[in-house]
Each structure stands twice: as C-alpha cells, then as structure tokens.
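A quick write-up on the structure given underneath.
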Amino acid sequence: MDHSQERWGRPRSDVYGPYQYAIHNAGAGSGPSTATQQPIITGTSVIAIKFDNGVILAADNLASYGSLARFTDQERLIKVGKETVVGMSGDVSDMQYIEMMLERLIIEDDYAQDGHNLRAPHIYEYLSRVMYARRSKVDPLWNAILVAGKKDDGSPFLAYVDLLGVTYSSPSLATGFGAYLAVPLLRQLVSDEGDEKSVTEAEARAKIEQCMKVLFYRDARSLDKYTIATTYLDGEVKIEKDQRCQDMSWRFAEHIRGYGTQKV
C-alpha cells in the first residue's frame with residue numbers, strides 16, 4: 001500500500017490546482033521540534049546544612065551515563081558572583097546550560113558598577129522563575145538545585161528549586177537520594193529554623209562528611225571523591241576540591257542477612 005502523503009489525502013489538482021509540494025517538504029531534514037524527555041549524563045545528590053556563620057554544601061564528582069560511572073571529575077558546586085554557591089544534581093548538559101545563564105546574569109549585573117551585587121536570594125528567585133518557565137513550556141531543565149549564601153539581613157540562606165519549579169527553604173536540604181538518606185542525619189543537628197545558631201562549622205562539617213560516606217555506601221550512583229563549599233556571613237566563599245571519604249570499610253556487609261554466601 002502506498003502511504004505517501006503526496007499520492008493520497010490531498011485536494012484534487014483538477015479542482016484546487018497543482019499541489020504545493022513546498023508544504024509537504026517544509027522542515028525536511030530538520031525534523032520536528034523536540035524537548036528532552038530523559039536525562040542522559042547525570043549527577044546525584046547535593047547536600048547542605050546551615051551553621052551559625054554560614055552554609056556548607058557538598059556534592060560528589062561523579063557523572064553517570066545510565067549505570068556506568070563515566071566521568072569522575074565533574075564539579076557540581078558552582079560559585080556565582082562573589083558570595084553565592086549553587087549546587088546542582090540531574091542532567092549534566094542542562095547543568096552546564098544553567099551555569100552559562102548564571103554567568104551571563106552576573107556579567108550583566110556588573111555592567112552597572114553601582115556597588116550592589118546579586119546575593120543568594122536574588123539568584124534563587126531568578127532560577128525559580130527560569131525553572132518554572134521551562135516547565136510551563138513542557139521543556140524542563142532536568143535538575144534539582146540548591147542555592148546557598150546569605151540574605152540581605154546577614155543571616156544564612158539555603159533554598160531548593162527543581163525541574164517543576166517547586167521551591168522551598170529549610171536549614172538542611174538535599175537533592176536526589178540525599179533527600180532520603182542524608183536529610184534525617186542532617187536533622188539531628190538542625191530540624192527547625194533557628195537551630196543553626198547553636199551549630200558550629202566543625203559540627204556541620206563533620207555531619208556533612210558522615211552523610212557523604214553514607215551516600216557512597218548506599219547510593220550506587222555516588223563516588224567517594226567530592227567537593228565541599230562553605231559560604232560565610234562575611235561574604236567569603238571557600239571551595240575545597242578532591243575531598244575523600246575516610247575510614248571506609250565494607251566489613252559491615254558480612255552481618256547483612258542474604259549477603260554473599262550467607263544463608264537467609
């Protein structure tokens with residue numbers, strides 16, 4: 001059967017005139033406009049917690065191609081402006097696109113040279129609108145994002161936005177599997193707004209390192225090499241790369257029923 005559109009289902013040439021083949025060939029070679037429906041190269045959890053003098057974030061350096069641990073040097077914590085850090089999980093290509101957008105935003109803001117800089121709440125509001133606008137076009141950026149820095153009143157700022165444009169803030173946050181594995185541990189230190197005032201940087205960092213170790217044990221898409229970023233209330237940002245989980249041991253697996261040759 002001949003299913004060619006040129007030979008059936010079109011107006012009769014003897015009634016309506018010659019068929020306009022330009023209509024049939026429109027867009028030939030380029031195909032229809034499509035949107036990403038599934039992330040390809042992905043990064044896993046980003047975790048963060050407030051403390052009395054700022055915010056600490058951490059994200060491992062693995063970018064996975066499906067279940068393949070393909071890239072082991074992918075940085076997912078990005079310094080934006082002078083005093084803000086953005087951490088992203090999800091599709092790496094979309095993350096790079098967002099990074100480019102933020103770079104342009106900072107450059108345009110610097111044109112004014114009026115002594116004012118974009119702070120974390122401003123960047124967060126910008127990202128929340130970008131993510132919601134892309135979701136509304138059914139062409140989302142496949143990422144979950146944490147934004148950390150300080151507010152205009154000088155207090156720590158930490159908030160979340162995802163590919164649906166969902167936004168919320170909390171003194172401890174995580175994306176990916178970290179939302180299930182790390183947040184309960186982080187809430188041992190801070191569970192409500194204001195709890196961070198009694199938490200020191202050393203305590204917050206120790207808890208972050210514990211969470212990264214748990215994620216490496218439990219999340220198959222994670223890595224034991226990670227980056228830690230710390231934002232302080234005085235505007236300083238410190239980024240420490242190539243951190244490693246310490247004192248790793250898989251001996252605990254021997255006590256799990258059904259592991260290896262052990263009988264259930």
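What does a probe at R104 reach in segment 118-137, counting residues whose amide N is under 19 Å from the point 7 Å along Cα→Cβ?
118, 123-137
Between D139 and D73, with labels modelled 7 Å along Cα→Cβ, what's the label distance in nm to one decimal, could you check?
In this crude label model, D139 to D73 measures out at 3.3 nm.
Figure the gain on full extension for K151 and D114 (residue separation times 0.36 nm, minus the Cα-Cα span) and round it to one decimal in nm.
Details: separation 37, 0.36 × 37 = 13.32 nm, distance 1.90 nm.
Stretched fully, the K151-D114 segment lengthens by 11.4 nm.
Quick one: what do you get for the chain if you divide its Cα Rg by 2.2 N^0.38 Å? Write down the numbers at each step before the final one.
Working: Rg = 24.3 Å, N = 264, 2.2 N^0.38 = 18.3 Å.
Taking N as the residue count of the chain, the ratio is 1.33.
Take every Cα pair under 8 Å in the chain that's 6+ residues apart, average their separations, divide by the length, and report that relative contact order as a whole percent. Working shown, then result.
Numbers: 498 pairs, mean separation 60.5, N = 264.
About 23 percent, as a whole number.
Using packing as a proxy for protection, rank 194-206, 240-252, 217-229 so that the peptide with the highest average count of other Cβ atoms within 10 Å comes first.
On the way: 194-206: 15.1, 240-252: 10.5, 217-229: 19.3.
Order by mean packing, descending: 217-229, 194-206, 240-252.
5 Å is the cut-off here: which amide hydrogens, built 1.01 Å from N in the peptide plane, fall below it relative to I41, excluding neighbours closer than 5 in sequence?
Distant-sequence amide H within range of I41: V92, S93.
Computed from the coordinates by the stated procedures, all read-outs in this text should not be read as laboratory data. Note that this is a predicted model, so its numbers are computed, not measured. With ideal geometry, Cβ positions are generated from the backbone for all residues, glycine too; neighbour counts draw on all protein chains shown.
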